[in-house]
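Here the structure is laid out as structure tokens; the discussion comes afterwards.
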Amino acid sequence: MAARIGGRRFAATRGPRVPIDPPAGTAPDNPGKGKEEPMMPNGCFEQGPIRPPSEARSLLIRPTRNCPWNKCAFCHSYKGARFQLRPVEEIKNDIAAVRDTADRLEEISRQLGQEGRIDDVVVDAIFSRDSEHRFDHAVQHVAAWLYFGAQTVFFQDADTLIMKTDDLLEILRVLRETFPTVNRVTSYCRSRTACHKSVEDLRRLREAGLSRVHIGLESGYDPLLEFMRKGVTAAEHIEGGRRIMASGISLCEFVIPGLGGSRWSREHALATAEVLNEINPDYIRPRTLLVRQGTTLYDRMTRGEFQPLGEDDIIREIRLFLEHLNGIQSRIASDHVLNLLEELEGKLPEDRARMIGIIDRYLSLSAEDRILFRLGRRQGVYRRLDDLDDRQTYLRLKGVVERGAGNEPEKLERYLYQISQCFLP
């Protein structure tokens, strides 16, 4: 999520923390630009291009570069970039560099009369473009992290658990010794990688401080996984997820509503629910499909080999998906900017009826109101269906539609697509 620091709103993302104004309450999970060159401002420490939305306040440490698979048809994040395991000593040097930066910031705080606290006064000075001192991106990132308590860390890039267990244990040890305030460490992981880790090794990582793993499950339907070149099967999703859950590490599974397109929408919803029922992860995070230009999937779409769903049909697919999540206690977290219904969150099974009710309420709106809500959501002025009750905003959006699209719905769809593209790198 975007965060407010020192009176400004910032996206806690890769690279510079510059003032932003994205859709309220959300931020893209991959806003950085560039994938090949490591980010090491002034020789400080390296960061990768993406992180989950839930890690917006986390320190980003990069034990690995890019993705070891890097073939998914829908993904653009690491295209053209070679996967690398970074040397353990190099990563430890990065952690030391963060410590040095934190010490430097505490000294600046004392100079500003704030007694070492990283508060509004300090971050205003660090982020100010009018300051006599210009601070680099790494200093700003650490300042934001300290401002929010220096409690969470995210290991980049796409599959940190592919490292040797002992190497990752050493990194966790140094991190926790260097920053005793850290109480949560998270990482991305592929299901296939989790299948190759023993439960005992995963337990050792949990005991050393690895708190949560984020897995891109995307779908549980094998023909679709193969079509999307995911490099994993439904059975491997289940096995990898179960191993992580058995170890006591918190598990978050990402799914992609709309990934099956018009051809496999129903199969995608049902099979994905079935796989998740077998795993019972702590979190299920939908991330609605947007076909990104420059991906294999975009090329297939332009050739007519993939027909994407409209947003209303994706919402219907999500309803079917929710209906078939049974026997689990997962929490649904709709925290991605591409999700149309941000309020679609809750704990299973007790909140299922309420979440389905939100979907039904949206689908019962008039066609005009659904269009206006979609536009308001993409422009960042709507977050909940109740926001449609704001008459002034409603009329303004209605005027935008009438002036911009008139009786040409395809023109409006193109406009909404172009806005959504801005949420991806």
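The values are calculated or read from the model by the stated rules, or taken from the named source; none is laboratory data. Remember, it's a predicted structure, so these values are computed and weren't measured experimentally. Heads up, the Cβs are rebuilt from the backbone with ideal geometry, glycines too, and the neighbour counts pull from every protein chain shown.
Evaluate the following for residue 278: is it part of a helix (DSSP H, G or I), closer than 30 Å to residue 381 by Cβ and modelled with pLDDT of 95 or more? Judged against the criteria, residue 278 is not a match. Only a single item in (1) closer than 27 Å to residue 56 by Cβ; (2) buried (at least 19 other Cβ atoms within 10 Å of the Cβ); (3) among the β-branched types (Val, Ile, Thr) is not met by residue 328, and it is number (2). Being in contact with a Ser or Thr (Cβ under 7 Å, 6 or more places away or on another chain) and of a type in the set (Lys, Arg) is the filter; apply it to region 70-110 and report the residue that is nearest to residue 189 (Cα to Cα). So the residue we want is 86.
Is it the case that some residue within region 116-133 is in contact with a strand residue (DSSP E or B) (Cβ under 9 Å, 6 or more places away or on another chain), closer than 25 Å to residue 86 by Cα and assigned to a helix (DSSP H, G or I)? Looking through region 116-133, none of the residues is in contact with a strand residue (DSSP E or B) (Cβ under 9 Å, 6 or more places away or on another chain), closer than 25 Å to residue 86 by Cα and assigned to a helix (DSSP H, G or I).
Looking only at residues of region 281-298 that are among the charged types (D, E, K, R) and within 20 Å of residue 416 (Cα to Cα), we find that the one that is modelled with the highest pLDDT is 287. Here 344, 322 are screened, and the one residue that is buried (at least 18 other Cβ atoms within 10 Å of the Cβ), at pLDDT 95 or above and over 18 Å from the mean Cα position of the chain (by Cα) is 322.
Please verify whether region 262-281 includes one or more residues that are charged (D, E, K, R) and surrounded by 24 or more Cβ atoms within 10 Å (Cβ to Cβ). No: zero hits.
I'm told residue 357 meets every condition in (1) in contact with a Leu (Cβ under 9 Å, 6 or more places away or on another chain); (2) over 24 Å from residue 292 (Cβ atoms); (3) without any contact (Cβ under 8 Å) to a residue 12 or more places away in the chain except one. Can you identify the failing condition by its number? Unmet for residue 357, out of (1) in contact with a Leu (Cβ under 9 Å, 6 or more places away or on another chain); (2) over 24 Å from residue 292 (Cβ atoms); (3) without any contact (Cβ under 8 Å) to a residue 12 or more places away in the chain: (1). No other residue among 385, 397 is out of contact with any His (no Cβ under 9 Å at 6 or more places or on another chain) and either in contact (Cβ under 8 Å) with a residue 40 or more places away in the chain or within 20 Å of residue 313 (Cα to Cα) (or both) apart from 385.
Would you point out the residue of region 373-425, among those that are under 26 Å from residue 52 (Cβ atoms), surrounded by 16 or more Cβ atoms within 10 Å (Cβ to Cβ) and of a type in the set (Gly, Ala, Ser), that is modelled with the highest pLDDT? Looking at the filtered set, the residue picked out is 376. Residue 71: surrounded by fewer than 17 Cβ atoms within 10 Å (Cβ to Cβ) and more than 18 Å from residue 46 (Cα to Cα), yes or no? In short, yes.
Listed by position, the helices (runs of 4 or more DSSP H) contained in region 196-250 that have at least 3 residues being touching a residue at least 12 places away in the same chain (Cβ under 8 Å) and surrounded by fewer than 18 Cβ atoms within 10 Å (Cβ to Cβ) are 199-208. Filtered by the rule that a residue be farther than 18 Å from residue 389 by Cβ, in a helix (DSSP H, G or I) and β-branched (Val, Ile, Thr), region 329-370 gives 356, 359.
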